[in-house]
Every structure is written in C-alpha cells, then in structure tokens.
1. Pop a pseudo-label 7 angstrom from the Cα along the beta-carbon direction at both residue 32 and residue 7 and give the gap in nm to one decimal.
2. Give me P(r) over segment 181-301, computed from all C-alpha to C-alpha distances, binned every 5 Å, as integer percentages.
3. What distance in nm lies between label points placed 7 Å from Cα along the C-beta direction at residue 280 and residue 51?
4. Cα gyration tensor of segment 189-252, axes a ≥ b ≥ c as square roots of the eigenvalues: rounded (a/c below 1.5), prolate (a/b > b/c) or oblate?
5. Rounded, prolate or oblate for the chain? Axes are the square roots of the Cα gyration tensor eigenvalues, ordered a ≥ b ≥ c, and the cut-off for rounded is a/c under 1.5.
6. I want to check the label-to-label distance for residue 262 and residue 291. Put each point 7 Å from Cα in the C-beta direction and report it in nm to one decimal.
7. Please order 198, 253 by the number of other Cβ within 10 Å, starting at the fewest.
8. How high is the relative contact order of the chain, in percent, counting Cα pairs under 8 Å that sit 6 or more residues apart?
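Each value in this text was obtained by applying a stated rule to the coordinates, not by laboratory testing. Predicted, not measured: the structure shown is a model, and the values here were computed from it. Virtual Cβ from ideal backbone geometry, glycine too; neighbours counted across all protein chains shown.
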C-alpha cells in the first residue's frame with residue numbers, strides 16, 4: 001500500500017515516454033528552468049560553494065563536473081563522487097542538484113558530481129568510462145580539491161547507482177583508488193529484467209518496467225544478446241568480494257526493487273559489510289519529495305551512513321592488487 005504522504009505526489013508525478021529521450025530531456029530542462037526561476041534551491045545553496053570544471057579523457061573527450069563544498073569546510077575533507085539518475089538517457093548537473101546540496105551540508109564533505117555522457121548518442125561504455133575517470137580525477141587532484149584521498153565514497157541514484165556499483169567493481173579489478181564506501185540508491189543493476197518486481201510494476205509512479213525496457217535498449221549496444229559485461233550491468237558480476245562497505249536502498253513499489261535487494265544479499269554473502277533498507281509504501285525516487293516525512297527519513301539515513309563511514313576505520317575498502 002502506498003504511503004499516505006506519497007499519495008498526492010504519486011498522482012502528479014510526470015510520466016515520460018523514454019522511447020524518445022531527446023523529448024524527455026527537453027521536458028525536464030523546462031522543469032529545471034522553472035525551478036531555478038522560482039529560487040527552488042536558494043535556501044539549500046546557502047553555505048555551499050559550487051564550481052563547475054571540465055575533465056578530459058586522454059583522447060580529448062571531456063565531461064563536466066560540479067564540485068560542492070561547504071564554505072566552512074577545512075582541507076582534507078571526505079568526498080562523495082556522485083552519479084545522477086535518469087535511465088542513462090537524461091540528466092545533467094542540475095538534475096540532482098538538491099541531493100548534492102543536502103549531502104554536502106549534512107555530511108560536511110565535498111561532493112563531486114559527474115555529468116557523464118548519455119545514451120543513445122553515447123552507448124555503453126561511455127558513461128562508465130566517464131564515471132571511472134571522474135573517480136580517478138578526484139583521487140589524483142585530492143590536494144587541489146581539498147579532499148582526503150583515503151576517504152572517498154562513490155554514490156549514485158537509479159542508473160547512477162548502477163554506475164557507482166560499476167565504478168567500485170572497476171576500481172577493485174584494476175587496482176584503482178581505494179573507495180571507502182558505496183551508496184546505491186534504488187540502483188539499476190540487472191539488464192535481464194526478469195525479477196518479480198520488474199514484471200509486476202508496469203505502471204508505477206517515478207519509474208516503471210516499460211521505461212526500463214527503453215533504458216536498456218538505448219544504453220546497450222545492439223549486440224547485447226552476445227553477452228553483457230558486469231560494468232554495464234553489475235548484477236552480472238560473478239564475484240562481489242573485496243568491494244567497499246555498502247548502503248543500498250530500495251523502494252517497495254519500484255520495478256528495480258528486487259535486483260537491488262538481490263545485489264545487497266550477494267554483497268553480504270561475499271563478506272562485504274552492507275546496510276540494506278527497503279522503504280515500504282514508497283515508489284522510485286520518492287526521496288526527492290521534500291514534503292514527505294518518509295523522504296526526509298531516507299535522506300537522513302543516507303547522510304548518517306556517510307557520516308559513520310567517514311569517521312570509522314575502513315572495512316573492505318582496498319581494491320585487490
């Protein structure tokens with residue numbers, strides 16, 4: 001049953017047709033412009049400095065990064081490298097600006113938000129390459145950015161949660177920068193789309209299984225039937241050992257619920273310290289609804305996890321050599 005505070009929000013949730021990502025981007029851009037004009041983030045932005053920079057790959061391809069820093073923060077602060085949601089198809093540095101502001105203020109950390117390339121113009125592995133490059137850039141520039149290279153987390157929501165999981169897998173496999181923890185918010189992990197929740201929730205608020213079909217069709221190359229690598233769909237990874245401490249959040253009425261829960265259980269079975277929380281009565285992206293006490297509780301829990309991870313000894317945070 002839908003949480004009572006979310007009933008009204010569910011009834012006015014925008015329904016997007018992700019068969020046409022360009023049209024959806026235009027719709028979201030209009031909404032974002034309206035929010036900016038209304039000063040929607042003005043209060044949350046107080047006390048947080050934001051800087052947009054460009055990060056280049058060795059081949060010259062570049063992507064944008066936004067750095068959030070509380071103005072009272074000292075040097076050598078912890079950092080969260082963040083990847084936004086949007087089904088790999090939509091989103092930019094403003095898409096989850098509100099979350100980055102909340103996390104930066106609540107965790108007293110630097111948030112590094114990555115504006116990775118989108119599908120279908122840039123299919124896999126473009127987004128994964130950008131996200132991993134963002135982690136490398138943050139670790140390499142730690143002293144310049146004012147962060148502690150030993151306290152870097154990766155995090156993401158929805159498809160960004162899948163990109164965070166892929167980034168952690170790749171850092172482990174390639175001996176990349178040590179990751180203190182990963183936070184996966186209703187993550188996209190499984191391209192096979194055969195879980196009970198995926199089959200059941202065909203018309204739910206926030207996200208539904210029909211949108212997932214469009215997402216995977218746009219994101220993966222045409223040859224996906226020949227095999228999907230784990231960096232594209234982390235549920236395909238055969239070994240989850242050696243990954244960083246994890247917080248994984250799902251929502252009851254979300255088609256992505258079961259793939260998230262299954263991944264969390266596999267992390268536990270692999271010996272990774274993992275917090276799993278399924279929010280009953282909630283739908284995908286419910287934590288963006290500021291008027292809901294359930295959303296506020298979810299954000300508080302995310303912040304609490306970061307705070308605990310940043311101020312304890314690392315557990316399973318070192319990549320394998």
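1. About 3.4 nm, to one decimal.
2. Over segment 181-301, the share of Cα pairs per 5 Å bin runs 2, 11, 20, 22, 19, 16, 8, 2, 0, 0 percent.
3. 4.7 nm
4. The shape class here is oblate.
5. rounded
6. The modelled label-to-label distance comes out at 3.7 nm.
7. 198, 253
8. 18 percent
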